[in-house]
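J.: Next up is a structure, given as structure tokens.
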Amino acid sequence: MSDFEYQDLLPLGEDDTPYRLITQDGVSTFEAAGRTFLRVEPEALTRLAQEAMSDIAHFLRPGHLAQLQSILDDPEASDNDRFVALDLLKNASIAAGGVLPMCQDTGTAIVMGKKGQQVSTDGGDEAALARGIFNTYRERNLRYSQLAPLDMYREQNTKTNLPAQIELYATDGDAYKFLFMAKGGGSANKSYLYQETKALLNPDSLLAFVDEKIRSLGTAACPPYHLAVVVGGTSAEYTLKVAKLASARYLDSLPPEGNALGRGFRDRGLEAQIHELTRNTGIGAQFGGKYFCHDVRVIRLPRHGASCPVGIAVSCSADRQALAKITRDGVFLEALERDPAKFLPAPSAADLGGEVVRVDLDRPMSEIRAMLSKYPIKTRLSLTGTVVVARDIAHAKIKERLDRGEGMPEYMKEHPVYYAGPAKTPAGYASGSFGPTTASRMDPYVDMFQAQGGSMVMLAKGNRSRVVTEACRRHGGFYLGSIGGPAARLAKDCIKKVEVLEYPELGMEAVWRIEVEDFPAFIVVDDKGNDFFADIAAGKSRKLDVVR
């Protein structure tokens, strides 16, 4: 018979995070029952949450920025890898000004807290944290993305970005520790659970499985990714939770091996093997190359003998998270990089990229399509002119018009359509952060719209389904991929005018007319049925050529 022995399921090592002091207000100590307790006022929790959500909308970890810089320094990186990395570094530098957030999808606010048993509050900790989140989204140029269900089918925007996901746990000690995250829809939608069996647990089967699944991730969540793979778990939901934490590098200090009691551990050897797989896909940093992922975390967990859950999750190029803690010394937040410009190289974008085809979007649609038809997929473009912006709800409303026999709106016929939704516009700016959203959500509309003369040139991020490729071949359409991630740079440098065309009551989901200048894009799907991502989805691991 075994003796009782307890260990943490996820035993973390020492915390070497660099912190900055926010305040010492609202924090005190008192004595009771022969022990010293930490007292935390609700105002301290509100201040912390407000600062944290503001910081992660504008600043990144220095390690993430150094990884982008390393792409520029790597002679094996493709021109497209370097072009994307440079744009993301420029975007980080603009966002660090504190006006434009780094991504237009400013995310669902997620807070995980671990409250030591010697920490005293008056209760209502979730409400105090939620108020801080509310303050940030109200006062900063951030987007409201949360939809409240009025019944099973009707929804409306909460116009506060609440509710937040707040999870608080009891633990030992006299400190209150936190992880703050802002998770956009693109990266959140790339969280996957697979219910496998013991048959997966051998090197050949596991690597083949992971290779297949990482190819299916595509680029809609704005790579280069921080990829997390979790094998095992005491429940399906726990596996996915650990995958999310691992993608935020929250579990980096786990031990390198397991033990007989069943602790979780990091498999650093397998991390290196899977990282190499990601480099061999040819996907690269969105448009061909080596840098699909910055790094990989692989966590092995104990499992029930009849189950083998596998979780996969990513953190995207808007790598938004920060640790925090409240101790007797004050309220502290992870010190993110305030000067990302120091990671920028001396060369210009022209030095780092290949040939660029300039496209005048104010020409007739037939001429735009004829010009695009001359170039192969992966061709890098610079777009200038008028673009119509429409995303999920606008597409649904246009379909309703078609169903009523009212015809396709002329603006959908005359101009390219950009799948996007802006953040709030700061004073003195033409636009708020305005990067692309995931294209595949609009796939069901494409064939119908193109048959009516609309959506002939589409602009967004990520891969499309075969339905879209076939529609473009049949109707002579194109899908252009925009770089996912640099929403602040696009707003500052590329978007010159924004006005509502239709459905103003939809807020950021309205139909917009925008004027762009030197807006970067690539040909992803052409009018001949060629698809940049087709070989990758089919599992072909050949290196993709880069247009020069």
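The values are calculated or read from the model by the stated rules, or taken from the named source; none is laboratory data. These figures come from a predicted structure and were not determined experimentally. Heads up, the Cβs are rebuilt from the backbone with ideal geometry, glycines too, and the neighbour counts pull from every protein chain shown. Remember, those area values only see protein heavy atoms, side chains included, never the ligands or the DNA or RNA. Shrake-Rupley method; radii C 1.70, N 1.55, O 1.52, S 1.80 Å.
J.: Does residue 446 satisfy the criteria of being open to solvent by 40 Å² or more (accessible area, probe 1.4 Å) and either more than 24 Å from residue 292 (Cβ to Cβ) or touching a Cys at 6+ places or on another chain (Cβ under 9 Å) (or both)?
T.: Taking the combined requirement at face value, the residue does not satisfy it.
J.: Right, next: Within the group 371, 365, which residue is open to solvent by 30 Å² or more (accessible area, probe 1.4 Å) and touching a strand residue (DSSP E or B) at 6+ places or on another chain (Cβ under 9 Å)?
T.: Among 371, 365, only 371 is open to solvent by 30 Å² or more (accessible area, probe 1.4 Å) and touching a strand residue (DSSP E or B) at 6+ places or on another chain (Cβ under 9 Å).
J.: Scan the range 430-440 and give yes if some residue there is open to solvent by 20 Å² or more (accessible area, probe 1.4 Å) and touching a residue at least 60 places away in the same chain (Cβ under 8 Å), otherwise no.
T.: Yes, the range 430-440 contains at least one residue that is open to solvent by 20 Å² or more (accessible area, probe 1.4 Å) and touching a residue at least 60 places away in the same chain (Cβ under 8 Å).
J.: Please find, among 295, 267, the residue that is of a type in the set (Asp, Glu), within 27 Å of residue 17 (Cβ to Cβ) and open to solvent by 40 Å² or more (accessible area, probe 1.4 Å).
T.: Exactly one residue qualifies, and that residue is 267.
J.: Hey, among the residues in the range 323-356 that are among the acidic types (Asp, Glu) and surrounded by fewer than 16 Cβ atoms within 10 Å (Cβ to Cβ), which one's modelled with the lowest pLDDT?
T.: Only one residue fits best here, namely 351.
To keep it simple, each residue is scored yes or no on (1) touching a strand residue (DSSP E or B) at 6+ places or on another chain (Cβ under 7 Å); (2) open to solvent by 40 Å² or more (accessible area, probe 1.4 Å).
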position: 147; (1), (2): yes, yes
position: 153; (1), (2): no, yes
position: 158; (1), (2): yes, yes
position: 165; (1), (2): yes, yes
position: 168; (1), (2): yes, yes
position: 174; (1), (2): yes, yes
position: 181; (1), (2): yes, no
position: 184; (1), (2): no, no
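J.: Let me ask something additional. Of everything in the range 481-507 that's open to solvent by 10 Å² or more (accessible area, probe 1.4 Å) and under 13 Å from residue 418 (Cβ atoms), which residue is nearest to the chain's Cα centre (by Cα)?
T.: Residue satisfying both the conditions and the ranking: 498.
J.: Which of the residues belonging to the range 186-202 are of a type in the set (D, E, K, R) and surrounded by fewer than 15 Cβ atoms within 10 Å (Cβ to Cβ)?
T.: 198
J.: Six or more apart or on different chains, Cβ atoms under 8 Å: show the pairs whose first residue is in the range 139-156 and more than 21 Å from residue 320 (Cα to Cα) and whose second is small (Gly, Ala, Ser).
T.: If the second residue must be small (Gly, Ala, Ser), the pairs left are 155/148; 156/148.
J.: (1) modelled with pLDDT under 95; (2) surrounded by fewer than 16 Cβ atoms within 10 Å (Cβ to Cβ): which one isn't true of residue 380, the others all being true?
T.: (2)
J.: Next question. Find all pairs meeting these conditions: Cβ atoms under 6 angstrom apart; at least six residues apart or on different chains; first residue within the range 1-17 and under 12 Å from residue 261 (Cα atoms); second residue hydrophobic (A, V, I, L, M, F, W, C).
T.: 7/261
J.: Right, another one. Just need a number here: residues in the range 203-251 that are more than 17 Å from the chain's Cα centre (by Cα), open to solvent by 10 Å² or more (accessible area, probe 1.4 Å) and among the small types (Gly, Ala, Ser).
T.: Summing the residues that are more than 17 Å from the chain's Cα centre (by Cα), open to solvent by 10 Å² or more (accessible area, probe 1.4 Å) and among the small types (Gly, Ala, Ser) in the range 203-251 gives 4.
J.: Show the residue pairs that are 6+ apart or on different chains and have beta-carbon atoms under 9 Å apart, the first residue being within the range 182-209 and more than 24 Å from residue 462 (Cβ to Cβ) and in a helix (DSSP H, G or I), the second being among the polar types (S, T, N, Q) and open to solvent by 50 Å² or more (accessible area, probe 1.4 Å).
T.: 203/273; 207/273
J.: Let me ask you something else. How many residues, within the range 168-181, are over 21 Å from the mean Cα position of the chain (by Cα) and either part of a strand (DSSP E or B) or of a type in the set (Ser, Thr, Tyr) (or both)? Walk me through it before giving the result.
T.: Of all residues in the range 168-181, those over 21 Å from the mean Cα position of the chain (by Cα) come to 168-177.
Among the residues that remain, those that are also either part of a strand (DSSP E or B) or of a type in the set (Ser, Thr, Tyr) (or both) are: 168-171, 176-177.
Residues flagged as over 21 Å from the mean Cα position of the chain (by Cα) and either part of a strand (DSSP E or B) or of a type in the set (Ser, Thr, Tyr) (or both) within the range 168-181 amount to 6.
J.: Right, something else. If the Cβ limit is 8 Å and pairs must be 6+ apart or interchain, which residue in the range 307-322 that is open to solvent by 10 Å² or more (accessible area, probe 1.4 Å) pairs with which residue that is assigned to a strand (DSSP E or B) and among the polar types (S, T, N, Q)?
T.: So the pair list comes out as 307/195.
J.: Sticking with this one: Confirm whether residue 425 is among the polar types (S, T, N, Q) and crowded, with 18+ Cβ neighbours inside 10 Å.
T.: No; evaluated as a whole, the condition is false for this residue.
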